[in-house]
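What follows is a single structure, written as structure tokens, with notes after it.
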Amino acid sequence: MSVPTIGILGGVGSGKSSVVRHVTNFDLQVIDADKIGHDLLEDPDVLQQLTQTFPTSIFESSGQVIRPQLAQLVFGKDLEHKAALKQLEQIIHPAIHREITDQIQNASTDVVILDAALLLETGWADECNYLIYIDTPVSQRIERVRMNRNWTAEELKHRESTQLPLTTKKGLADFIVDNSGTIRDASRQLTDILTTLIKN
């Protein structure tokens, strides 16, 4: 019997990873698509495609990607930056999807949790049996990204403008976890939902 796969949705800084990390009742396999993407920046095949596509200014002399330079290139606000982001996604997303599919197929845990910022935008949600939205007030999200990423509220707004609106993500979710309180409370809600899904 295949392991149920749950996609986690939410805004940037919503605490998705923290809520999942505090679920201890089940054996979870968490697939972090963002981490896979970061790791793939060191993959020889991906690096070759990047060097053929992007300027030398984003690479060290050793050929490795300078991540802050890459982020600056693809997350600017004009059309040139948007085109660069699309080029990056065309290179990296197929490789991420292959790794996600491989991990899901080989899972032997109670549940697979797929945590991907662009879960819906990329079509990776098709790999999921259910979608759960972590609902966190924007004031808390702003504070989190300020502390953890040194972003301003304006930067948060700009980054999220490249994604589907949160109202759309929330509307497509099968379940919603309220993360306006403590992480413990939110993880308890998530545990209850997973308990129901596993029983079914």
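The values are calculated or read from the model by the stated rules, or taken from the named source; none is laboratory data. All values derive from a computational prediction rather than experimental measurement. Here the Cβ positions follow ideal geometry from the backbone for every residue, glycine too, while neighbour counts run over all protein chains shown. Protein only, heavy atoms only, side chains kept; ligands, DNA and RNA dropped before computing areas. Shrake-Rupley method; radii C 1.70, N 1.55, O 1.52, S 1.80 Å.
Size descriptors for region 107-162 (Cα atoms only): Rg and Dmax, in that order, 14.3, 42 Å. The modelled label-to-label distance between ILE198 and GLN64, using points 7 Å beyond Cα along the C-beta direction, is 3.9 nm. Within the listed set LEU118, LEU40, LEU79, the residue fluctuating most in the Gaussian network model of the chain (springs between alpha-carbon atoms under 10 angstrom) is LEU79. Placing +1 on the Cβ of every Lys and Arg and -1 on the Cβ of every Asp and Glu, with no other charges, gives region 96-195 a dipole of roughly 400 debye about its Cα centre. When +1 charges are put on Lys and Arg Cβ atoms and -1 charges on Asp and Glu Cβ atoms, the dipole computed for region 125-175 relative to its Cα centre reaches about 260 debye. Dipole magnitude for the chain: computed about the Cα centre from +1 point charges on Lys and Arg Cβ and -1 point charges on Asp and Glu Cβ, it is near 600 debye. In the assembled protein chains, ASP174 presents an accessible area of approximately 80 Å² (probe radius 1.4 Å). Cross-link partners for LYS35 among the aspartates and glutamates, with Cα-Cα distance under 12 Å and sequence neighbours closer than 8 places in the same chain left out: GLU99, ASP115.
Per-residue Karplus couplings for region 142-148, computed as 6.51 cos²θ - 1.76 cosθ + 1.60 with θ equal to phi - 60°, are listed in order as 4, 5, 5, 6, 5, 6, 8 Hz, Gly and Pro entered as x. Annotation: amide H-H contacts under 5 Å for VAL177 (H modelled 1.01 Å from N, sequence separation of 5 or more, or interchain): TYR133, ILE134, ASP135. So, in Å, what gap is there between the alpha-carbon centers of region 101-124 and region 64-90? Using only Cα atoms to place each centre, the spacing works out to 25 Å. Computed over region 81-192, relative contact order equals 28 percent, with contacts defined as Cα pairs under 8 Å that lie 6+ residues apart. Put a dot 7 Å past each Cα toward the Cβ at LEU164 and SER180; how far apart are the dots in nm? In this crude spin-label approximation the distance works out to 2.4 nm.
So for the chain, averaging the separation of alpha carbon pairs under 8 Å that are six or more residues apart and normalising by length, what relative contact order in percent results? Relative contact order comes out at 40 percent.
The ellipsoid equivalent to the alpha-carbon distribution of region 117-200 has semi-axes of 25, 18, 9 angstrom, derived from the gyration tensor eigenvalues as √(5λ) and listed largest first. Computed with a 1.4 Å probe on the full set of protein chains, the accessible area for LYS35 sits at about 110 Å².
Among the protein heavy atoms, those of ARG67 account for about 90 Å² of accessible surface (1.4 Å probe, every chain in place).
In terms of distances greater than 20 angstrom between alpha carbons, the cross-link table entries LYS16/LYS170; LYS82/LYS169; LYS77/LYS157; LYS16/LYS157; LYS82/LYS157 yield LYS82/LYS169. Pairs of alpha carbons in the chain separated by more than 32 Å make up 19% of all such pairs.
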